[in-house]
Amino acid sequence: MSTFGSAESGSIEADRRGYDRAGAVATSFDVEAIRRDFPVLDQEVDGRPLVYLDSAASSQKPRQVIDAVAGYYLRDHANVHRGVHELARRATEAYEGARARIAEWIGATGPGELVWTRGTSEALNLAAFSVGQARVGHGYEIVISEMEHHSNIVPWQLLAARSGAKLRYAALTDDGLLDLDHLAGLLGPRTRVVSLCHVSNALGTINPVAEIGELVRDRTDAIYILDGAQGVPHMRVEVASIGCDLYAFSGHKMCGPTGVGGLWGRRELLEELPPYQGGGEMIERVYRDRSTWAEPPHKFEAGTPNIAGAVGLAAAIDYLDGIGIDSIHRHETELVAHAVAGLSRIDGLRILGPAGIERRGGVVPFVIEGVAAQDMGTILDVQGIAVRAGHHCAQLVVDRYGVEATARASFYLYNTHEEVERLVEAVANARRILME
Ligand code: PLP
């Protein structure tokens, strides 16, 4: 049904030159070998090989992670911290070992700085609750931005409503960047919290988080929080050198299982903050009228945790580390440059987010005038291509850029340039079908 690829193959070459010009460096990145580690990729949808371009929503899992989770359940499972028997010892070692592995990977000074959560959303809710209790009250201000995922908006709205603090939004520039002048103008002695995304899931923008950290420190005594859901899976993150106080992330976006993630926090801050939820494991001693708390990070971890999830996430980190996060980032940048060059040639297609490839993570959101994003997603699906269509839990972003919704292609280590070409061809086809 398509003529796009064959009729314009010269243009595809031009796209490749486009991403070469964008500064891509030839690497020995063996994407075919990587793909063999991901069993789910080896299937057809509607008679065409699956092209999975929805990793920003959730990444696929390599066999190494699936085996680690299965191995844990097959041999080692028991509850952690409580038992005196062999399996409890093994489960505890695996669970706390996973914490240490991940803490090391993100540049924490020790495992005590890493609180397990169900993911970024829970990490940000924990931050809003505990920081809110300790530091925020009537007359103070919380600064976020128009670029945030709902997970980094709604918990702060709830805190603002509870505490009487004012929620303020840093504006965005027309080309999808955080407006740093506007942000700077919002910061002052009343600012108690600044909470921003490291990388936007709806625009792809990589924010200059260390530079913003300096701004926050210069102008405020605020707690500086980063939503790293789209950061840590895709680029080297050294939490200590960013200069933030708390950093949230999800395991399922970095080849790990669903239902596990974390909140990194500066040790002194974790010591200061009150607990988020009450229950087993987070206490030191319970009396009839009060309780005292365990040391952090356990103070924030009530109840039986997702032990298998932690084990799987540590296996995911080992896997990503084995390939090298810098190589993964470079590969994604090449794919994104290729996709931007190819999609830009389609009539009426507009790509949201920063023009400069170096400011864009692995996300390419686009709209075509006169075509509903949902219809675009559906037509891509019948061509075997999985993208997400909608507001991507970032309603303020689509409002800001005057669109209802976008289709979003997002890339990860297992995607190929051939898949980018299939995407471009399929979007051109979909446009033709939907505009006729
Ligand atoms: N923040 C950003 C930037 C995201 O992209 C997402 C998920 O898409 C989240 C927060 C929420 O993550 P989770 O659903 O894993 O809690």
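Could you tell me whether the stretch 136-218 comes out rounded, prolate or oblate from its Cα gyration tensor? Rule is a ≥ b ≥ c as square roots of the eigenvalues, rounded for a/c under 1.5, then prolate if a/b exceeds b/c, otherwise oblate. Oblate, because a/c is 1.5 or more while a/b does not exceed b/c.
Counting only residues at least eight positions apart within a chain, or on another chain, the lysines with an alpha carbon under 20 Å from that of Lys61 are Lys253. With +1 assigned to the C-beta of every Lys and Arg and -1 to the C-beta of every Asp and Glu, and no other charges, what is the dipole magnitude of the chain about the Cα centre in debye, to the nearest 20? It works out to roughly 1040 debye. Taking every alpha-carbon pair in the stretch 44-198 and binning the separations at 5 Å intervals from zero gives 2, 7, 11, 13, 14, 13, 12, 10, 9, 6, 3, 1, 0 percent.
Considering only the other residues whose Cβ falls under 12 Å of the Cβ of Met282, what net charge follows from Lys and Arg at +1 and Asp and Glu at -1? Its environment carries a net charge of -2. Scaling the Cα radius of gyration of the chain by the globular reference 2.2 N^0.38 Å produces a ratio of 1.01. Restricting the calculation to Cα atoms, every distinct pair contributes to the Kirkwood radius of the stretch 248-332, found to be 14.9 Å.
Helix-only estimate, please: 222 nm mean residue ellipticity of the chain, summing -39500 (n - 2.57) across DSSP H runs of length 4 or more and dividing by its residues, to the nearest 500.
Mean residue ellipticity, 222 nm, calculated: -12500 deg cm²/dmol.
On the principal axes of its alpha-carbon atoms, the stretch 173-290 has extents of 57, 40, 23 Å, going from largest to smallest.
Relative to the longest principal axis of the Cα atoms of the chain, helix 154-163 runs at roughly 40 degrees. Measure nothing but the geometry: give the 0 to 90° angle between the long axis through the Cα atoms of 9-21 and the longest principal axis through the Cα atoms of the chain, rounded to 10°. On a 0 to 90 degree scale, this one is about 40. Compute the Cα gyration tensor for the stretch 361-430, then decide on rounded, prolate or oblate, letting a ≥ b ≥ c be the square roots of its eigenvalues: rounded whenever a/c is under 1.5, prolate when a/b is larger than b/c in the other cases, and oblate in all that remain. Cα axes put the stretch 361-430 in the oblate bin.
Computed over all pairs of different Cα atoms, the Kirkwood value for the hydrodynamic radius of the stretch 266-408 is 19.6 Å.
For the peptides 117-127, 79-89, residues were scored by their other Cβ atoms within 10 Å and the scores averaged per peptide; the highest-first order is 117-127, 79-89. Between the alpha-carbon centres of the stretch 279-299 and the stretch 300-343 there is a gap of 34 Å. Return one number: the angle in degrees, 0 to 90 and rounded to the nearest 10, between the long axis of the Cα atoms of helix 307-323 and the longest principal axis of the Cα atoms of the chain. Helix 307-323 sits roughly 50 degrees off the main axis of the chain. In straight-distance terms, cross-link reach from Lys166 covers every one of the aspartates and glutamates whose alpha-carbon lies under 13 Å from its own, apart from those fewer than eight places away in the same chain; here that gives Glu141.
Hey, rough spin-label estimate for Asp221 and Arg89, points 7 angstrom out along Cα→Cβ, what's it come to in nanometres? Label at Asp221, label at Arg89, 4.8 nm between them.
Modelled this way, with points 7 Å down the Cα-to-C-beta line, the labels at Met435 and Leu74 are 5.3 nm from one another.
Read-outs throughout are calculated quantities, based only on the coordinates presented, and are distinct from any laboratory measurement. Every value quoted in this text rests on a predicted model; they were computed, and no experiment measured them. For neighbour counting, all protein chains shown are included, and Cβ atoms are generated from backbone atoms with ideal geometry for every residue, glycine included.
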